[in-house]
1. Filter the range B:46-97 down to the residues that are within 11 Å of another protein chain (Cβ to nearest Cβ), without any contact (Cβ under 8 Å) to a residue 40 or more places away in the chain and in contact with a Lys or Arg (Cβ under 7 Å, 6 or more places away or on another chain) and list them by number.
2. Limited to the range B:98-112, what total is found for residues that are in a strand (DSSP E or B), open to solvent by 20 Å² or more (accessible area, probe 1.4 Å) and more than 7 Å from chain A (Cβ to nearest Cβ)?
3. Can we say A:Ile63 is surrounded by 14 or more Cβ atoms within 10 Å (Cβ to Cβ), at pLDDT 95 or above and β-branched (Val, Ile, Thr)?
4. Is there any pair with a first residue in the range A:32-55 that is within 15 Å of A:Ser70 (Cβ to Cβ) and in a loop (DSSP other than H, G, I, E, B) and a second that is hydrophobic (A, V, I, L, M, F, W, C) and open to solvent by 60 Å² or more (accessible area, probe 1.4 Å) whose Cβ atoms are under 8 Å apart and which are 6 or more apart or on different chains, and what are they?
5. Which ones in the range B:7-34 are open to solvent by less than 20 Å² (accessible area, probe 1.4 Å), in contact (Cβ under 8 Å) with a residue 60 or more places away in the chain and over 17 Å from B:Val111 (Cα atoms)?
6. Any idea which of A:Tyr36, A:Tyr46 is under 11 Å from the mean Cα position of the chain (by Cα), surrounded by 21 or more Cβ atoms within 10 Å (Cβ to Cβ) and within 11 Å of another protein chain (Cβ to nearest Cβ)?
7. Give the range A:11-54 a look and list any residue that's closer than 22 Å to A:Arg81 by Cβ and charged (D, E, K, R), or say none.
8. Go through (1) open to solvent by 60 Å² or more (accessible area, probe 1.4 Å); (2) in contact with a strand residue (DSSP E or B) (Cβ under 8 Å, 6 or more places away or on another chain); (3) at the interface with chain A (Cβ under 10 Å from one of its Cβ atoms) and name the single condition B:Gln37 misses.
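The values are calculated or read from the model by the stated rules, or taken from the named source; none is laboratory data. In this text the structure is predicted, and so the values were computed from the model without any measurement. Don't worry about glycine lacking a Cβ; one is built from the backbone with ideal geometry, like all the others, and counts go over all protein chains shown. Surface accessibility is based on the protein's heavy atoms, side chains included, excluding ligands, DNA and RNA. Shrake-Rupley method; radii C 1.70, N 1.55, O 1.52, S 1.80 Å.
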Amino acid sequence: DAKTTQPPSMDCAEGRAANLPCNHSTISGNEYVYWYRQIHSQGPQYIIHGLKNNETNEMASLIITEDRKSSTLILPHATLRDTAVYYCIVRYTSGTYKYIFGTGTRLKVLA
Amino acid sequence: DAGVTQSPTHLIKTRGQHVTLRCSPISGHKSVSWYQQVLGQGPQFIFQYYEKEERGRGNFPDRFSARQFPNYSSELNVNALLLGDSALYLCASSLGDIGEQYFGPGTRLTVT
């Protein structure tokens, strides 16, 4: 199965923008990119998703490259509560529906 | 509105035993997915059910099975438990078979 790849960890100063990259080089034309985050061992929390166009909601912005092989999640003003593991997911549809979580990026927001 | 609920919260079983985990989706959601999360790793997809039919299956052995009931709640069954089945089992629901998923708090299964 194709995978997403993410850096294992990142630090960000409180109040600054956090930019979390994800590579999904084998993504197909009708496959969406989703972002979730997980705090401690709680269930993952949905953040945002997109297909081709950039997306923004109250939590974050999602920038998808024109070739769709990578994306970046942007937390515009990171707070300490944003410290979590962030997962990039591509919903693959190779015959059956599959949701493949990436390795995740452990974001630490520093005071 | 209540979120996704899972039961039990924690469970300890012995190798070779069978376990049933339960999930109630958000009201109005018709799809339920199951994931296994081993400590230190990301969630691994096990099953997705939509309108009581299996729509997706991950790379798990036949010891793992699931079903969805008419009220859209779901059960995950694991037979012949192995030590390696110790994990956090997550359930997620969504309105349809695609779209954002909302996760429950998980069931922590320990196999001894």
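1. Once the filter is applied, which keeps residues that are within 11 Å of another protein chain (Cβ to nearest Cβ), without any contact (Cβ under 8 Å) to a residue 40 or more places away in the chain and in contact with a Lys or Arg (Cβ under 7 Å, 6 or more places away or on another chain), the range B:46-97 yields B:Phe47, B:Tyr49, B:Gly56, B:Gly58.
2. 2
3. So A:Ile63 fits the description; yes.
4. Final answer for the pair search is A:Tyr32/B:Ile98; A:Asn54/A:Ile63.
5. B:Cys23, B:His29, B:Ser31, B:Val32, B:Ser33
6. Exactly one of A:Tyr36, A:Tyr46 is under 11 Å from the mean Cα position of the chain (by Cα), surrounded by 21 or more Cβ atoms within 10 Å (Cβ to Cβ) and within 11 Å of another protein chain (Cβ to nearest Cβ), namely A:Tyr36.
7. Hits for the range A:11-54 are A:Asp11, A:Glu14, A:Arg16, A:Arg37.
8. The number of the failed condition is (1).
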